[in-house]
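Structure, as structure tokens:
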Amino acid sequence: MQIEPKPPTAKGPAGMFTGDVFLDAIVQGKEPSRVRVNAVRFTPGARTAWHSHAVGQTLYVTEGRGRIQARGGSISEIRPGDVISTPPGEWHWHGAAPEHYMTHLSITEGVAPDDARAESSWGDHVTDDEYEGRS
Ligand code: MN
């Protein structure tokens, strides 16, 4: 075994997030493992853009209060201890509540070497109306 080197915290790119989001890579599986685990910290009101994951995603909320919504569904509040499973290809967003930080672990898998899909696909930013459930 070994204690892994700690990659620097990365800022979530503005093209994929609204507000300030910080990502810490925890696991980057080496083939044949394709597991990816990231700790993602959202400041109040920050959220992902609409996106989907080719092989699905599991979120484990560790801190704060947050929100999540699948395309065509209603917004749900998420809290520490919640586990959220997103099936492959389902469009969705996740983020902090307006007045709270939120941290979750994101567990995903890379696509197989012979799979032409991208690991994740990114769309429009979540508007304030969408974030507040007004549209
Ligand atoms: Mn996601």
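The values are calculated or read from the model by the stated rules, or taken from the named source; none is laboratory data. Just so you know, these numbers come straight off a predicted model, no measurement behind them. As a convention, Cβ positions derive from the backbone with ideal geometry for all residues, glycine included, and neighbour counts pool all protein chains shown. For accessibility, only protein heavy atoms count, side chains too; no ligands or nucleic acids. Shrake-Rupley method; radii C 1.70, N 1.55, O 1.52, S 1.80 Å.
Structure notes:
- Our helix-only sum for the chain, with -39,500 (n - 2.57) per DSSP H run of n ≥ 4 divided by its residues, gives a mean residue ellipticity at 222 nm of -500 deg cm²/dmol.
- For the stretch 10-131, the fraction of C-alpha pairs farther apart than 27 angstrom is 11 percent.
- Percent accessible area from carbon and sulfur atoms, the chain, protein chains only, probe 1.4 Å: 53
- Cut-off 12 Å between beta-carbons: net charge of the residues surrounding S74, Lys and Arg +1, Asp and Glu -1: 0
- With all protein chains kept in place, the per residue accessible area of the chain amounts to 57 square angstrom at a probe of 1.4 angstrom.
- The relative contact order of the stretch 10-131 comes to 32 percent, based on Cα pairs under 8 Å that sit 6 or more residues apart.
- Residue of S33, S121, S106 that the Gaussian network model of the chain assigns the largest fluctuation, springs spanning Cα pairs under 10 Å: S33
- Dipole of the stretch 10-131, positive direction: furthest Cα of M102, G72, P87, with charges on the beta-carbon: M102
- Taking a Cβ cut-off of under 12 Å around S120, the surrounding Lys, Arg, Asp and Glu residues balance to a net charge of -1, with basic ones at +1 and acidic ones at -1.
- Relative to the Cα centre, the charge distribution of the chain, modelled as +1 at Lys and Arg Cβ and -1 at Asp and Glu Cβ, gives a dipole magnitude of about 220 debye.
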